[in-house]
Amino acid sequence: MKFGVLVFPGSNCDQDAYNVFAEVTRQPVVSLWHDSEDLQGVDAVLVPGGFSYGDYLRTGAIARFSPAMQAVKRFAAGGGLVLGVCNGFQILTESGLLPGALRRNAGLKFICKQVHLRVETTASPFTSKLKKGSVLQIPIAHMEGNYFCEPEELKRLESEDRIAFRYVTPEGKIAPEANPNGSLSNIAGILNEGRNVLGLMPHPERASEALLGSIDGFGVFASMIDALAAK
């Protein structure tokens, strides 16, 4: 199997993601430049965090038009696995691959800290190796992580088991004080209808080695590898 990590002008988490695939999971990985539609035959794509195109206009608003994202949309439509982290999540919503939008944090401040997430579903190729209801410690670093969607869309996400992660207390309880950015229903990550696209604001690539203080994020990548190996 082969993984691809998109690189936009302003990406700053692409090397973190590349390292997880190359050094931690020991899987083949390539960097995919934003102005090319050639995905180089990869089996999964990661859209990384950072500030694509300087976050001008709106986070992800310019990146959605890049040649690479046109290829990613076709890739996802064909069932390919696409993971968007932080700015990647924002780009996926702007591109229409995921519903809703990411708005300014409720406190209007950039937040960089460890948070706790509860695994809401294991019925996806990104969470199958995790345990439903388990609490993970993974860092966030964002200014626009406040997830929002219309009430009908929220009902659909809930009824279709497409909320992948929620912000919770260390004990696993949903509470206002556990929500770092004002996200609707404490949502930290969601899936598309086909369950082959995941967007989340926390950074699992920064919690995949003991050296970084947590390996709780590694389960996301282990799940992807397991899903691809099963094909």
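The values are calculated or read from the model by the stated rules, or taken from the named source; none is laboratory data. This is a predicted model, so every value here is computed, not measured. All Cβ positions, glycine included, derive from the backbone under ideal geometry; neighbour counts span all protein chains shown.
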**OP:** Looking only at region 16-56, count how many residues are surrounded by fewer than 15 Cβ atoms within 10 Å (Cβ to Cβ) and part of a helix (DSSP H, G or I).
**Re:** 2
**OP:** Tell me, yes or no, whether region 185-195 has at least one residue that is closer than 18 Å to CYS13 by Cβ, surrounded by 15 or more Cβ atoms within 10 Å (Cβ to Cβ) and at pLDDT 95 or above.
**Re:** yes
Original post:
Taking into account only those residues within region 119-135 that are surrounded by fewer than 18 Cβ atoms within 10 Å (Cβ to Cβ) and of a type outside the set (Ser, Thr, Tyr), which is farthest from GLU160 (Cα to Cα)?
Top reply: VAL135
**OP:** Could you list all residues from region 185-228 that are small (Gly, Ala, Ser) and either under 21 Å from GLU158 (Cβ atoms) or under 9 Å from the mean Cα position of the chain (by Cα) (or both)?
**Re:** SER185, ALA188, GLY189, GLY194, GLY199
Original post:
Does region 45-54 include one or more residues that are within 27 Å of GLU152 (Cβ to Cβ) and in contact (Cβ under 8 Å) with a residue 60 or more places away in the chain?
Top reply: no
Original post:
For region 145-154, does any single residue satisfy the condition of being surrounded by fewer than 15 Cβ atoms within 10 Å (Cβ to Cβ), modelled with pLDDT under 95 and either within 12 Å of the chain's Cα centre (by Cα) or farther than 18 Å from THR121 by Cα (or both)?
Top reply: no
**OP:** Scan region 201-222 and give yes if some residue there is within 16 Å of PHE89 (Cα to Cα), out of contact with any helix residue (DSSP H, G or I) (no Cβ under 9 Å at 6 or more places or on another chain) and in a loop (DSSP other than H, G, I, E, B), otherwise no.
**Re:** yes
Subject >> Selected residue (criterion: nearest to the chain's Cα centre (by Cα)) from residues of region 158-184 that are farther than 13 Å from LEU136 by Cα and hydroxyl-bearing (Ser, Thr, Tyr) >> reply: SER183
Subject >> Condition broken by PHE110, with the remaining ones in (1) touching a His at 6+ places or on another chain (Cβ under 9 Å); (2) over 30 Å from ALA77 (Cβ atoms); (3) in contact (Cβ under 8 Å) with a residue 60 or more places away in the chain satisfied >> reply: (3)
Original post:
So MET143 fits all but one of (1) in contact with a Gly (Cβ under 8 Å, 6 or more places away or on another chain); (2) closer than 22 Å to CYS112 by Cα; what number is the exception?
Top reply: (1)
